[in-house]
Structures are given as structure tokens and as C-alpha cells.
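In what follows, a single structure is set out as C-alpha cells and then discussed.
The values are calculated or read from the model by the stated rules, or taken from the named source; none is laboratory data. Computed from a predicted model, the values in this text were never measured in an experiment. Please note: Cβ atoms are built from the backbone with ideal geometry, for glycine as well, and neighbour counts cover all protein chains shown.
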Amino acid sequence: MKEKIFNIPNNMQAIEIKEFGKAENLKLCVRPTPQISDNQVLIKVLFAGINRPDILQREGNYKVPQGASDLPGLEVSGIIVDKKASNLKFNIGDKVCALCHGGGYAEYVAVDEGHCMPLPKCYSMAEAACIPETFVTVWSNLFMRGKLQKKEKVLIHGGASGIGTTAIQLSKHFGAEVYATAGSNEKCQAVEKIGAVKCFNYKTKKFENEINQLTNKQGVDVILDMVAGPYISRNLKCLSTGGRLLIIAVQGGIKDEVNFANIMIKRQTITGSTLRPQPSSKKTEYINSLVKNAWKYLENGKIKPIIQGEFPLSNASEAHEALEKGDHVGKFIMKVS
């Protein structure tokens, strides 16, 4: 079958960071359309996901890896309009969602072919844009690094966030008993509706005490933590013998004081990761594992991203401000094309 031919412009609209700092420093600009390298595809972006690493990059607190685009944006959905290889698993004209090495806040983005995923059958393009960064982060940490098993207990911090709502749904559908934290009673109610047995308002309750009371002081087997700082020692107080603490962000700080003797006695594991700096081959491994093991739950509609709001590309600063405000449940996205 003859592949489609798309007219690809020399230039495109994109969002750049004029200078590090506030959301207002995100500006619409014109950039050359990316040139693809071997085993890459060019995607005409329809929607882009908004993530906290984008904010950190805008603030100057997230170093862009060597060879990555300086434009923000780590996940998109769109249409493949060009490719540089004949044996790739996707064809020109295919609708995909993709994990980006930056550059997603633009009309076109060049992506490694192994970082593309097919659209789940019942997903819209808007919903698909919420998958790559968020689902791959959750899957690679909770299930590959943390080895979460059926009937284990898991605590998800930031349960109302895009990461949190994804982690709760995946954990529930793989048979885990899910607990979470969130910053208001309304958020806690929303989190419990999507699968948490109990969600604790961290502003009014000490989650470690609540967990130990509910589990007969046995604690949870796995904790997914995006806070770090003073949460580390508190997490360890409600982590079971043989439990695994997974750190994926440090919103609460980079330091805490812990009792290593207790870690040894309870044979606990503390680990962490960031996704963007990892090798392309490792990201492909994560994506293949996610599609192989979890896609069926997305295909049958049992797991779907929660979209709090949608912004046009030109309103990227407003999208960042909405995420920073922290009143949301789920994800913010931008409509690009």
C-alpha cells in the first residue's frame, strides 16, 4: 500500500521559554520544523500533556539533557507525517501517542519510533495525550522497579494529580489495595471514587498514623512518593517489612533524616528515578512492557485519564498557572493543531 504524503512546512509554531521564571515567560514563537534522524518519526501534534517537569524546566530547575529539544513538552498525541526507516512498526498516517525528549509544545515533534504507542481503541486524541509521560512513569516505577503484586497494599501520594489518578487506577486493576493522600476533602472523595480504599487529607491527618491503624501496624508494601523531604521518614514508619519506597519527585525537598537500623531490620528498599534522562532503549523497554501488560485495560475503557482542563497552545502560560494552583483532579492538556 502506498503511504500517505503530507505537506510538511519548513517552520512551525511552538512555545519557548523566553527566560527562566514565571509562567508568563512562556511565549508563542516560530521555529524550524524538526529534522528527523535514523529510526525517528515526525509527529504532527494534535494535543500535548502538561507535566510538573515542564514547570521545573521553565523555572530553570530541570536541566535539559544533551541532545534534547529546549522546548518544553514530554508527551503528545498526533499523526505520523514522516519517518526515517522502512522497517518501522508505524506507518505514515498512523495516529499515535508518544513520549518526547522535549519539544512537545509545538506543531511538530521528532520522536524515537520506539517511544510511540498506538491509540487505545476507545480513546480520543485528547485522552491519548495524557498517556506517555504519566503512564510510563507510573508503570516503570510501581510495576517494574517496585514490583507491585496482586493483593499487596500500596500508598499513592498526590492521589489527585495526573500521576496519582493514573497510579490508583492501574494499581486497582492489577489487584492491589490502594491508599492515597490528597490536599482537600473534596479531592479525597474524588480519589476514592476512582479506586482508593481510603484517601487521607494530608493537611488535617497524619497519613502514617492512619495507615498503621488501618493495617494493624503492618503498613503498606509499596509507596509511590512525589514529595520526598520530610515525607521520607514518615513513609518508612508505615512501610511494611520488605516494603519498597519509590521516589519520583522531590516537591517537599531533597533531604531528610532516617534511621538506617530500622531499614535494615525491616529489610526495606528505597529507590527512585527520573524518566527523561534515561537512555532511549530503556524508555522503549518501559513502553513495550506497558503496552504488553496494561493496554487491555485501556482498550476496554476500564482505565482512562481524567482531564481537568484543556487550553490552546497559545495559552500555555495559563495552563502552567492552572497546574501550579493545585486545585485539579487529573491532567491538563493543550490543543495544538
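Numbers at a glance
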| read-out | value |
| --- | --- |
| Filtered residues of segment 288-323 (kept if within 18 Å of Lys150 (Cβ to Cβ) and not aromatic (Phe, Trp, Tyr)) | Ser289, Leu290, Lys292, Asn293, Ala294, Lys296, Lys302, Ile303 |
| Single unsatisfied condition, Asp221 versus (1) part of a loop (DSSP other than H, G, I, E, B); (2) over 16 Å from Gly159 (Cβ atoms); (3) of a type in the set (D, E, K, R) | (1) |
| Some residue of segment 274-282 being outside any loop (DSSP other than H, G, I, E, B) and in contact with a strand residue (DSSP E or B) (Cβ under 8 Å, 6 or more places away or on another chain) | yes |
| From the options Glu192, Glu152, Glu107, Glu113, residue that is free of Cβ contacts under 8 Å to residues at least 24 places away in the same chain and among the acidic types (Asp, Glu) | Glu192 |
| Strands (runs of 3 or more DSSP E) within segment 27-132 that include 3 or more residues more than 21 Å from the chain's Cα centre (by Cα) and in the same structural domain as Gly309 (by TED's automatic domain parsing) | 40-49, 75-83 |
| Flag for Leu323 being within 14 Å of Gly162 (Cβ to Cβ), hydrophobic (A, V, I, L, M, F, W, C) and either part of a loop (DSSP other than H, G, I, E, B) or in the same structural domain as Arg52 (by TED's automatic domain parsing) (or both) | yes |
| Lys187 assigned to a helix (DSSP H, G or I) and charged (D, E, K, R) | yes |
| Subset tally (residues that are among the small types (Gly, Ala, Ser) and closer than 17 Å to Pro305 by Cα) for segment 126-155 | 3 |
| Candidate set: segment 190-224, residues that are of a type in the set (Lys, Arg) and out of contact with any strand residue (DSSP E or B) (no Cβ under 7 Å at 6 or more places or on another chain); chosen: the one farthest from Thr241 (Cα to Cα) | Lys193 |
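For (1) within 25 Å of Glu177 (Cα to Cα); (2) at pLDDT below 95; (3) surrounded by 15 or more Cβ atoms within 10 Å (Cβ to Cβ); (4) in contact with a Lys or Arg (Cβ under 9 Å, 6 or more places away or on another chain), each residue gets a yes or a no:
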residue	(1), (2), (3), (4)
Arg234	yes, no, yes, yes
Gly252	no, yes, yes, no
Glu257	no, yes, no, no
Ile265	yes, no, no, no
Lys282	no, no, no, no
Lys292	yes, no, no, no
Gly326	no, yes, no, no
